[in-house]
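Below is one structure, written out as structure tokens, with a few remarks after it.
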Amino acid sequence: MSSDVIIIGGGLMGASTALQLAMRGCRCIVLEKDSPGRHSSGVSAGGLRQLNRDPAEIPLTVEAAKMWRNIEALLDSDCDARFPGQLRIAENAADMEKLERRAALVRSLGYQHEEMIDRDELYRLVPALSPHCVGGLICREDGYARPYHALTAFRRKAQAQGAEFRSDTKVHSLRKKSGAWHVRTSQGIFNAPILVNCAGAWAKAIAGMLDEPVPLTPKALMLMVTERLPHFVDPVMGAASRKLSFKQMQNGTLIIGGALLAKLDFAREKTEIDWLRLTESAATVLRFFPQLKNVRIVRAWAGIEAFMPDNIPVISASQTCSNAYHAFGFSAHGFQLSPVIGRILSELILDGRSTLPIEPCHIGRFNNMEKQ
Amino acid sequence: MFKQLPADETEIIGIVFNGKALQAPKGISVAAAILSRNPDHTRTTPVTGSKRLPFCMMGVCYECLMVIDGQANRRACATYVEEGMRIETQLGVGPALALEGGGSE
Amino acid sequence: MNNHYQLLVIGGGPAGLAAATTAAERGVTCALLDEQPTPGGQIYRAIEAIPEQRAKLLGPEYLRGRKLVNEFRQSAAEYFPETQVWSIDKEHQAGLLHNHQAHFITADQIIIASGAMERPVPFPGWTLPGVMQAGAGQILFKSAGIVPDNGVVLAGSGPLLLLLAWQYLHAGVEIRVLLDVTPFANHLQALPELPRALLAYRYLSKGIAYQLELKRAGIPIMFGVSDLTAEGNERLQRVRFSHAGKRKSIVSELLLTHFGVIPHIWLTQAAGCKHRWDNSQQCWRPELDDWGNTDIEGILVAGDGAGIYGARAAEHAGRLAGLQVLSALNVISRQERDQLSRKDRKRLHEERHIRPFLEAYFHLPDNLLATPGNDTIVCRCEEVTAGQIREAVAAGHENSNQVKFFTRCGMGPCQGRQCANAVAHIVADARGKSVAETGLFRGRPPVSPLTLGQLAQLPKKGTA
Ligand SMILES: Cc1cc2nc3c(=O)[nH]c(=O)nc-3n(C[C@H](O)[C@H](O)[C@H](O)COP(=O)(O)OP(=O)(O)OC[C@H]3O[C@@H](n4cnc5c(N)ncnc54)[C@H](O)[C@@H]3O)c2cc1C
Ligand code: FES
């Protein structure tokens, strides 16, 4: 089976890359060991957040936000995206100071999307909030979408443009023979001149096949969801000094997270909910919304995600092999970036360079670290 | 639809269903107590508002969700009547949550 | 309640009661938990408090439960009613809800005896008020003395339907008609299993006796019924069906359906035990050895939660699991275990004689399980139709879990308990695959809901 580009990984990054390449006339095939969106991409919290990103990611996140605003034009689906803003809540003067410093940093970089709000504005936006809070930092353009719907929309549009997706196709080894990649999988051999590694938490193994070690750590992030509730809050909320990610979806359910780790058996791809950690999460929610005490949790789950030591992704050409590219290590905030990642990779592959500044995401930044 | 067979000496307690005082034999489930009164429905669904009554009576289908003592989404078939218990039909997602945050007004 | 027991038994039906009694009699510290307020499980529900007159109406098989419950009550096993298990893991830690408080307890050995549930089979109109499962009718009868008032239609397939009809007959309930959807072709399919079933003559003769008695009482029974439909404006008014080549209907405000029972696998799934699809029983079941051991050390399953064999078999399997636990805890030797288990093993074997016949006879046709009509609601909670599920498959969602992600089918409060099987059948049918391949919804804890307040107050490990 041969094509122009082989993409390893049927998550958002793989699907987004397939779409952008297909739109520019490339024949792509996406190889996925499970099913599209089975891991991070299908089970994330769906947050569309520019707020509080690493400065290295700001140009990317701002561009991605523009794409999300117009996502229907790209994907023929609105992915249920909503933009009620994302908010970090300050509970005291120290929190306020921390947020002020952050706001100043963003302004100094020439961006306006993060804005300080005072107590009055906070309670105007979130009247249901416990009265002890004092203000916050908001990005009013932020919001959320439904992750598996977005993944599906990327896949469907890419397929409509000619891309192919193969489930249950696990890549076992890579070999370069007379200028083409020979990719041996659980479903036979695939060939293409160009290879893209979008293998998420498993990207380290793929990079390893290219003799390119990367300090990637797979971790399992937990989320829980409640029963449907009457509408009571709009913005997506986090806290300045607590682990919290909290939103009410259109259907009334609350999605509660906050970078809490599940127990992970990576080799067997098994995750187990760590209830004692979720206990903290529940307590944090009740600290801000005591009226949710009797609300029932109906589901908790964990998704396996790739973390880099500096919490920013690798988006770059391979250093060891020509015609091989990487996009992985999104460290729990890749959903929002997904539309722009496909564009960047298509530019890297077809134009040799990206129109966006991705130097900080180069894989070479770990060279010294790996040698140590 | 249903009737209660004449019961031998069972203890009777008082409950309140949608504001009306009723009697029920002690120890039976809320769903049983309410079904014996032949209600039109015990909840409406959050998605389309269609009417539902308990379906499995053994705790697995979650069709019997009702507002019990002010708490929404309680399984009436797995909750047992107690003296003075207040039981209400659950409409959709249930009663609005308190906006008790307050703010500065 | 202590933080730790040598044995934790989940479920107070015949399997759980027998297991707990067996272990406790030998001095093992044992806790038995159950959602219900009294011991007995589904079959012997309310057995201790039931008025004598009502107990008689339920038949002699029901009264067997008394002995079992008495023995359990006399044992040193601790009993915790109205207690829900919301999590269980391979380290033998169980999350419980007891007196509205969440706790964790641990145990050296855990026996899951959570029994069976009725097989949910979506058909047009099954969500209307006035349509319930036959088991629900029986529970109302046993636990509250509540019976249909203004006539009832019974429909479906399987022994419980007949039993309920018989019980209702004796309670003076007007049965408008009994609609048996068992395909005629099954009679032939089941024939080869008949000789073995004759060894369990008691069951066969009882079935026949019930039928004769219903006939004699003038209750119409129609066989080979299909296309069951519940109709009505906001509540059941009419039951429509095909019979003998004609479309027929009957007026009724109550329809009780039964399509067999399937193991309650939500706890074994939460614990991470291996399951397999059983083509004969048409359900998923945990993989077990002869003693009830799952693939996770120290977690056992006994009774119908392991596969459907009925109440008496459950009692024997419970005792076997209890003996296995005693030997695992070194209270008895393996030889003693083997010796002490002989009688129960023999009886269990005898109880199982009838099963291949029943499974073949009551085998439900694939086109019933795969919900033919597109408008029929499959997920009662999220109101997802069979048509939406088929559309999702057509859009490239290849397995049950992907369909769930996309349609929200199975994401409501029942956690997919009512739609999991139907979704697997529909996806399998649409893709030309087997149900085993399209798969079961992945279990997402908590097994039963708990509130944010209960979770927030969860004491740190082992402080029940
Ligand atoms: C619980 C949770 C909450 C999150 N919340 C948010 C949020 O609110 N906002 C946000 O922006 N981000 C969020 N994220 C992060 C976001 O989901 C991820 O960063 C993003 O989906 C990563 O996409 P991906 O395509 O790189 O990875 P994945 O989705 O993991 O895709 C990689 C795919 O590669 C496949 N693969 C791996 N190895 C092989 C092989 N050898 N052969 C074939 N296939 C292979 C895998 O099976 C997998 O499907 C969250 C993540 C989690 C887990
Ligand atoms: S009626 Fe099914 S859970 Fe209560």
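A few remarks follow.
- Element breakdown for the protein assembly as shown at a 1.4 angstrom probe: carbon and sulfur atoms account for 50% of the accessible area.
- Protection-proxy order for peptides C:51-62, C:433-444, each taking the mean of Cβ atoms within 10 Å per residue, highest first: C:433-444, C:51-62
- Interface area, B with A, accessible, probe 1.4 Å, both sides summed, Å² nearest 100: 1400
- If you wrap the Cα atoms of segment C:370-438 in a convex hull and average its projected area over all directions, you get 3.7 nm².
- Interface size, chains B and C: roughly 3700 Å² of accessible area buried, both sides included, 1.4 Å probe, rounded to the nearest 100.
- Here the sum of -39500 (n - 2.57) over DSSP H runs of 4 or more residues, divided by the residues of the protein assembly as shown, equals -8500 deg cm²/dmol at 222 nm, to the nearest 500.
- Percentage, to the nearest whole number, of Cα pairs in segment C:9-76 over 19 Å apart: 29
- Beta bridges by DSSP in the protein assembly as shown, antiparallel share as percent, to the nearest 5: 65
- Directionally averaged shadow of segment B:1-93, computed from the convex hull of its alpha-carbon atoms, nm²: 5.8
- Per residue, segment B:12-97 exposes 34 Å² of accessible surface when a 1.4 Å probe is rolled over the protein heavy atoms with every protein chain present.
- Put A:95, C:290, A:351 in order of accessible area, highest first, and with a 1.4 Å probe you get C:290, A:351, A:95.
- The mean sequence separation of alpha-carbon pairs under 8 Å and at least six residues apart, normalised by the residue count of chain A, gives a relative contact order of 23 percent.
- Contact residues in segment B:1-29 by the 20 Å² criterion (accessible area, 1.4 Å probe, full protein complex versus chain alone): B:1, B:2, B:3, B:4, B:5, B:8, B:28.
- Placing unit charges on the Cβ atoms of the charged side chains and taking the dipole of segment C:370-438 about its Cα centre, the candidate lying farthest along the positive direction among C:389, C:406, C:420 is C:420.
- Which of C:212, C:164, C:245, positive extreme of dipole for segment C:120-257 (C-beta unit charges): C:212
- Neighbour net charge for residue A:264 - beta-carbon separation under 12 angstrom, K R +1, D E -1: -1
- Base-10 log of normalised Debye intensity for the protein assembly as shown (one unit scatterer per alpha-carbon) at q = 0.06 Å⁻¹: -0.46
- Pairs of Cα atoms in segment C:120-257 fall into 10 Å distance bins, from 0 up to the last occupied one, in shares of 11, 40, 35, 12, 1 percent.
- Order of exposure, largest accessible area first, which applies to C:199, C:191 with probe 1.4 Å: C:199, C:191
- Heavy-atom accessible area, 1.4 Å probe, ligands and nucleic acids excluded: residues of segment A:137-163 down by at least 10 Å² from chain alone: A:146, A:148, A:149, A:152, A:155, A:156
- Charge dipole of chain C (Cα centre as origin; +1 on each Lys and Arg Cβ, -1 on each Asp and Glu Cβ, all else neutral): 680 debye, rounded to the nearest 20.
- Within the straight-line cut-off of under 17 Å between alpha carbons, the lysines reachable from residue C:206 are C:56, C:215, sequence neighbours fewer than 8 places apart in one chain being disregarded.
- Chain A: angle of helix A:12-23 to the longest principal axis, Cα-based, in degrees nearest 10: 60
- For chain C, taking a cut-off of 4.7 Å between Cβ atoms, the unpaired cysteines are C:30, C:273, C:283, C:381, C:414.
- For segment A:197-350, a crude dipole built from +1 on the beta carbon of Lys and Arg and -1 on the beta carbon of Asp and Glu, taken about the Cα centre, is about 660 debye to the nearest 20.
- At q = 0.06, 0.12, 0.13 Å⁻¹, base-10 log of I(q)/I(0) for chain C (Debye sum, equal scatterers on each alpha carbon): -0.26, -1.11, -1.30
- Positions from segment C:138-185 whose accessible area shrinks by 30 Å² or more when the full protein complex is built, not the chain alone, probe 1.4 Å: C:139, C:140, C:144, C:145, C:146, C:147, C:149
- With contacts taken as Cα pairs under 8 Å and at least 6 residues apart, segment C:370-438 reaches a relative contact order of 33 percent.
- Helix axis angle, C:14-25 relative to chain C longest principal axis, alpha carbon, degrees: 10
- Equivalent ellipsoid, segment C:41-164 (semi-axes from 5 times Cα gyration tensor eigenvalues, Å): 31, 22, 13
- Leaving ligands and nucleic acids aside, the A/C contact buries around 3200 square angstrom of accessible area in total at a 1.4 Å probe radius.
- Of every Cα-Cα pair in segment C:244-331, the percent that sits beyond 16 Å: 61
- Folded to 0 to 90 degrees: helix A:275-288 orientation relative to chain A principal axis, Cα: 50
- Chain A - share of DSSP beta bridges that are antiparallel (%, nearest 5): 70
- When the P(r) is computed for segment C:49-102, the part past 19 Å accounts for 55% of the Cα-Cα pairs.
- Taking only the alpha carbons of segment A:262-354, we obtain Rg and Dmax values of 19.1, 57 Å in that order.
- Surface accessible to a 1.4 Å probe, per residue, for the residues of chain A, Å²: 36
- When the inverse distances between all different Cα atoms of segment C:221-285 are averaged and flipped, the Kirkwood radius reads 14.9 angstrom.
- Bridgeable lysines around residue A:157 (alpha carbons under 25 Å apart, same-chain partners fewer than 8 residues away excluded): A:33, A:66, A:170, C:404.
- Stokes-Einstein translational diffusion, chain A - Kirkwood Rh over all Cα pairs, 0.890 mPa s, 25 °C, in µm²/s: 116
- Fraction of beta bridges assigned by DSSP in chain C that are antiparallel (%, nearest 5): 50
- At a probe radius of 1.4 angstrom, the accessible area of segment C:370-438 per residue rounds to 29 square angstrom.
The values are calculated or read from the model by the stated rules, or taken from the named source; none is laboratory data. The shown structure was predicted, so the numbers you read here are calculated from the model rather than taken from an experiment. Heads up, the Cβs are rebuilt from the backbone with ideal geometry, glycines too, and the neighbour counts pull from every protein chain shown. Accessible surface is based on the protein model in full, side chains and every heavy atom, while ligands, DNA and RNA are left aside. Shrake-Rupley method; radii C 1.70, N 1.55, O 1.52, S 1.80 Å.
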